[in-house]
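Remarks on the structure that follows.
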Amino acid sequence: MGMNNSLAALDERVSGCRACPRLVDWREEVARTKRAAFAEWTYWGRPVPGFGPPDASLLVIGLAPAAHGGNRTGRMFTGDRSGDVLYEALHEVGLASQPTSVSVDDGLTLYGVRITAPVHCAPPANKPTPEERDTCRPWLVSELKLLRPTLRAVVVLGAFGWQAALPAFAEAGWTVPRPRPAFSHGARITLESQSQSQSQSQSQSQSHSGSPANNPLELFGCFHVSQRNTFTRRLTPEMLRGVLRTAAEAAGLPTRPYAG
Ligand code: SF4
């Protein structure tokens, strides 16, 4: 696989995107004005690319970077409360090398799992517009196509990510049922691979891997790890671990039982 088609190259290109004027303004304004607690930081202030190995078999899809989290540190879910909850759970399930995620050079490694978002720039009030969601979708489609040879399962955090990601799965070569399945916590749906003749022109992975990547994708819904959900215990650590463990097992990843 050439460098231009690699996931690292995609991440590089994502990081330079300026397609959404409102989000470019917001991410850069936040990076200039900062939050007092992070006054010493040089904010990233750019699109936040996906994080995790290029041969991941499990993908976690969130919503968008937080203004003072990913937009500050440059890594998905890194440096905010939502990320604390997510990485602690990933670590407890055996998918992350450590329970904390504070900066790009903190040594965190993910095992077989990659984390991304359907919108790569921090939006005001955590609310991207439908137009921004649609403008950013090609990045997710490209990421899915590059992951396709190894990807077996996806966890989508929240209804926004679910709505944003379903068309991307279809564009990347999986069949999404009609009517589109509704989001719920605990939802589990198998997305069959589109037939090879249909997907050959769409899936770069097939020509690169030399064998057809016709694997189905197991799709899981999970409440988002937002503070609103975790503070109210709409989403508990137990619930999050449960979905992550089930999805990891569906993806063929080794997990470890919760030690308490
Ligand atoms: S949200 Fe996506 S499409 Fe819009 S500027 Fe950021 S990276 Fe580009």
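The values are calculated or read from the model by the stated rules, or taken from the named source; none is laboratory data. In this text, all values refer to a predicted model and were calculated from it rather than measured experimentally. Glycine also receives a Cβ, built like all others from the backbone with ideal geometry; neighbour counts cover every protein chain displayed.
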Test set (1) under 24 Å from Ala164 (Cα atoms); (2) surrounded by fewer than 15 Cβ atoms within 10 Å (Cβ to Cβ) - Ala36 fails condition number: (1)
Filtered residues of segment 126-137 (kept if in a helix (DSSP H, G or I) and either near the ligand (Cβ under 8 Å from one of its atoms) or modelled with pLDDT under 95 (or both)): Asn126, Glu132, Thr135, Cys136
Among (1) surrounded by fewer than 22 Cβ atoms within 10 Å (Cβ to Cβ); (2) within 21 Å of Lys34 (Cα to Cα), the one test that His120 misses: (1)
Helices (runs of 4 or more DSSP H) (entirely within segment 1-120) containing at least 1 residues that are more than 13 Å from the ligand (Cβ to nearest atom) and over 30 Å from Pro254 (Cα atoms): 21-33, 70-73
